[in-house]
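Please read the structure below before turning to the comments.
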């Protein structure tokens, strides 16, 4: 994450709860077959550290370090009761990572680049700290692909407002489709880039109930609400209606939320 103040989603309890549900298995399965037990991994924009901690199990003879720009979030990550001995966390800026060149075998980021004002520069910095022969791996959502069923005018309004929040911050919400472009601009050779497309999906119950309740809080309260109101993108009543629409969606037995996620492996 570029800085705590610029992160488009904010750091509300709902956001952190959502991020804490992420694991290596559900968020970077495309990378796991390439990890060796002795690898040294850097997890960039690690948030509360759930992916970082689960990656540690794959490098029993190695090490994984998570970095995030938010001091408060790093404190949460370091305070995990189940944190393995080969896993640690530190405050770090993706544009100026505090490590020498070639320090890591694998440099990973999950849903980070689409929030940044200069994703190419961030990828270049990730490449710098990756050893020759190592891997830079990123998975990014693609906002334009988002499916919400059942939808409706309020959900459509939410999607449009959320995209404006991204773009007003100078970031690219359709990060999934931009990954190859960003990687090429960061200096990776075309023949050393492998791209796949996955998805993040919550469908039926109880998955939709959990996700919808999370979104109802995330998109009607806290920092996100302040940004929307401050930028004049919606009225207070409209933001409340968005929260209500997500709560209604969460109760629907046929509810489906899905967003395509680009996945890239860059062999350095």
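Quickly estimate the mean residue ellipticity at 222 nm for the chain, helices only: each DSSP H run with n ≥ 4 gives -39500 (n - 2.57), and the total goes over all residues, rounded to 500.
The helix-only estimate for the chain comes to -11000 deg cm²/dmol at 222 nm.
Could you tell me the convex hull volume per residue, in Å³, taken over the Cα atoms of the chain? Could the numbers behind the result be given before it?
Working: hull volume 30.1 nm³, N = 268.
In the chain, the Cα convex hull volume per residue is 112 Å³.
Could you please state, rounded to a whole Å, how far the C-alpha centre of segment 135-212 is from the C-alpha centre of segment 102-127?
Each part reduced to its Cα centre gives a spacing of 16 Å.
Determine by what factor the alpha-carbon radius of gyration of segment 120-187 differs from 2.2 N^0.38 Å, reporting the quotient.
In units of the globular-protein estimate, segment 120-187 measures up at 1.43.
From Cα pairs below 8 angstrom and at least 6 apart in sequence, can you work out the relative contact order of the chain, rounded to a whole percent?
RCO, the chain: 22 percent.
Give me D for segment 33-96 in µm² s⁻¹, whole number, from Stokes-Einstein with Rh from the Kirkwood sum over alpha-carbon pairs, 25 °C and 0.890 mPa s. Mind dumping the intermediate values first?
Details: Rh = 11.5 Å.
It diffuses with D of about 213 µm²/s by this estimate.
Only Cα pairs under 8 Å and at least 6 apart count here; give the relative contact order of segment 202-268 as a rounded whole percent.
51
So, how do all the Cα-to-Cα distances of segment 132-237 break down into 5 Å bins, in percent, from 0 on up?
Bin by bin from 0 Å, the calculated values are 2, 9, 17, 18, 18, 13, 10, 7, 4, 1, 0.
Compute the long axis of helix 153-168 from its Cα atoms, compare it with the longest principal axis of the Cα atoms of the chain, and write down the angle in degrees, 0 to 90, nearest 10.
Around 40 degrees separate the two axes.
If you fit an axis through the alpha-carbon atoms of helix 175-185 and take the longest principal axis of the Cα set of the chain, what angle between them do you get, 0 to 90°, nearest 10?
30
Hey, what angle do you get for helix 207-218 against the long axis of the chain, alpha-carbon based, 0 to 90 degrees rounded to 10?
With rounding to tens, the tilt is 80 degrees.
Under 20 °C and 1.002 mPa s, how fast does segment 42-179 diffuse according to Stokes-Einstein, given a Kirkwood radius computed over C-alpha pairs? Answer in µm²/s, whole number.
Result for D is 133 µm²/s.
Rounded, prolate or oblate for segment 159-199? Axes are the square roots of the Cα gyration tensor eigenvalues, ordered a ≥ b ≥ c, and the cut-off for rounded is a/c under 1.5.
Values: a/c = 5.98, a/b = 1.95, b/c = 3.07.
It is oblate, given that a/c is not under 1.5 and a/b is not larger than b/c.
Taking all pairs of different Cα atoms in segment 209-268, averaging 1/r and flipping that mean, what Kirkwood radius in angstroms comes out? Don't jump to the answer; show the numbers that get you there.
Values: mean 1/r = 0.0757 Å⁻¹.
By the Kirkwood definition, the hydrodynamic radius is 13.2 Å.
We did not get these values from a lab; they are worked out from the coordinates using the rules stated. Everything quoted here is computed from the prediction, not taken from an experiment.
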